[in-house]
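S.K.: Sharing a structure, written as structure tokens. Questions coming.
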Amino acid sequence: MPELPEVETVRRGLQPAMEGAVVQRLEQHRPDLRFPFPQDFATRIEGRRIVALRRRAKYLLIGFDDGSVLISHLGMSGSYFVDHAGSAATPGRFHHDRSKDKKHDHVVFHLDGPRGGSRVIYNDPRRFGFMLLTGEGELAAHPLIRDLGVEPTGNALHAGYLAERFAGKRSPLKAALLDQRIVAGLGNIYVCEALWQARLSPRRTAGSLVTRSGRPVARLEDLVQAVRTVIAAAIEAGGSSLRDHRQADGTLGYFQHTFNTYDQEGMPCRRDGCGGKIRRIVQSGRSTYYCPVCQR
């Protein structure tokens, strides 16, 4: 499942082609993905100008000039591909080609924009992604958006905020960080990486990072900084791009080559002087990777 850095990478890749462009035509090649497409989808989109591309957690938000917003989720295998004048731009340092299987091209936006004509193609072999329409005024109250926590990239994430949410919690720290009602967009990969950066065990209770008076301990400050650092590095690298995920230009990221813990079971810990080995455990049905020597 693409995480926040993957979706942010896609947003940045789509932005030059889509922002300011008019949807001249929309091709819809099937009635549904994970959910049915909006009723009269093509009719409601065609002729509209795209005014903004945003991201909220793992959702891509495409805003139109009539106040409608397209909520797009990539699911497990969804990807966007920009075809400009018959060729694709390649931002960043990436090396792998996009799948050429056009039978999974389910939606095609034909655009007339600042860069001229282009096509933005949504490809999704497993069809776990979806596209929904809502209004800008209803977006904050939408069932997919209303309960989301703060973004890990903004100033709203700070130790005081996490202390309020973690106080009294006996759940494992990793589970608390994966709770989208607390921090929106964090997923399994980057939580493992952030906990390693902060030298914190995924097994310790979330409440152990909060004093009896409700104040954050110093290690909670370290955790906030680790989350920011890991997410920023992943966005810069183009996301982890595991399995089927693709960037907007059809390429894969390479952050997976610099993982310190994720999928590194049995490998020596990369922290200087540690001497431990990465262990894999299962928490809430998901793999957790950590070093039992330096993460406490």
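Conditions tested, residue by residue: (1) in the same structural domain as Leu74 (by TED's automatic domain parsing); (2) within 27 Å of Gly75 (Cβ to Cβ); (3) touching a strand residue (DSSP E or B) at 6+ places or on another chain (Cβ under 7 Å).
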residue	(1), (2), (3)
Gly135	yes, yes, yes
Leu144	no, yes, yes
Lys169	no, no, yes
Lys174	no, yes, yes
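S.K.: Only one residue in Gly214, Gly239 is crowded, with 19+ Cβ neighbours inside 10 Å, out of contact with any Lys or Arg (no Cβ under 7 Å at 6 or more places or on another chain) and either assigned to a helix (DSSP H, G or I) or not charged (D, E, K, R) (or both), so which one is that? Walk me through how you get there before you give the answer.
M.R.: On the way: Gly214 fails: crowded, with 19+ Cβ neighbours inside 10 Å.
Unique residue meeting the criteria: Gly239.
S.K.: Quickly run through the range 113-151 and pick out the residues that are part of a loop (DSSP other than H, G, I, E, B), surrounded by fewer than 13 Cβ atoms within 10 Å (Cβ to Cβ) and in contact (Cβ under 8 Å) with a residue 12 or more places away in the chain.
M.R.: Correct list: Pro114, Asp147.
S.K.: Report, by residue number, each residue of the range 54-78 that is in a loop (DSSP other than H, G, I, E, B) and among the charged types (D, E, K, R). Even if it seems obvious, please write down each step before you answer.
M.R.: Residues of the range 54-78 in a loop (DSSP other than H, G, I, E, B): 57-58, 65-67, 74-78.
Hits for the range 54-78 are Lys58, Asp65, Asp66.
S.K.: Answer yes or no: is there a residue in the range 33-40 that is in a strand (DSSP E or B), surrounded by 18 or more Cβ atoms within 10 Å (Cβ to Cβ) and at pLDDT 95 or above.
M.R.: no
S.K.: Related question: So which of Gly185, Gly168, Gly154 ends up being part of a loop (DSSP other than H, G, I, E, B) and in contact with a Lys or Arg (Cβ under 8 Å, 6 or more places away or on another chain)?
M.R.: Gly185
S.K.: Which of the residues spanning the range 148-163 are at pLDDT below 95 and either touching a Pro at 6+ places or on another chain (Cβ under 9 Å) or polar (S, T, N, Q) (or both)?
M.R.: Scanning the range 148-163 gives Thr153, Asn155.
S.K.: Which numbered condition in (1) modelled with pLDDT of 95 or more; (2) under 23 Å from the mean Cα position of the chain (by Cα) is the only one that Leu111 fails?
M.R.: Going through (1) modelled with pLDDT of 95 or more; (2) under 23 Å from the mean Cα position of the chain (by Cα) one by one, Leu111 breaks only (2).
S.K.: May I pose another question? Test Arg203 against the stated conditions and say whether it is charged (D, E, K, R), under 17 Å from the mean Cα position of the chain (by Cα) and assigned to a loop (DSSP other than H, G, I, E, B).
M.R.: On the way: charged (D, E, K, R): yes; under 17 Å from the mean Cα position of the chain (by Cα): no; assigned to a loop (DSSP other than H, G, I, E, B): yes.
Against the criterion (charged (D, E, K, R), under 17 Å from the mean Cα position of the chain (by Cα) and assigned to a loop (DSSP other than H, G, I, E, B)), Arg203 does not qualify.
S.K.: Under the condition of being in contact with a Phe, Trp or Tyr (Cβ under 7 Å, 6 or more places away or on another chain) and at positive phi, which residue from the range 196-240 is modelled with the lowest pLDDT?
M.R.: Gly239
S.K.: On to the next question. Looking at Ala140, Ala156, which is the one that is among the hydrophobic types (A, V, I, L, M, F, W, C), under 30 Å from Gly207 (Cα atoms) and touching a strand residue (DSSP E or B) at 6+ places or on another chain (Cβ under 9 Å)?
M.R.: Ala156
S.K.: Given the structure, is Arg219 of a type outside the set (Gly, Ala, Ser), in a helix (DSSP H, G or I) and either in contact (Cβ under 8 Å) with a residue 60 or more places away in the chain or surrounded by fewer than 20 Cβ atoms within 10 Å (Cβ to Cβ) (or both)?
M.R.: Yes.
The values are calculated or read from the model by the stated rules, or taken from the named source; none is laboratory data. Keep in mind that this is a model prediction, so the values were computed, not measured. Note that each Cβ is placed from the backbone with ideal geometry, even for glycine, and that neighbours are counted across all protein chains shown.
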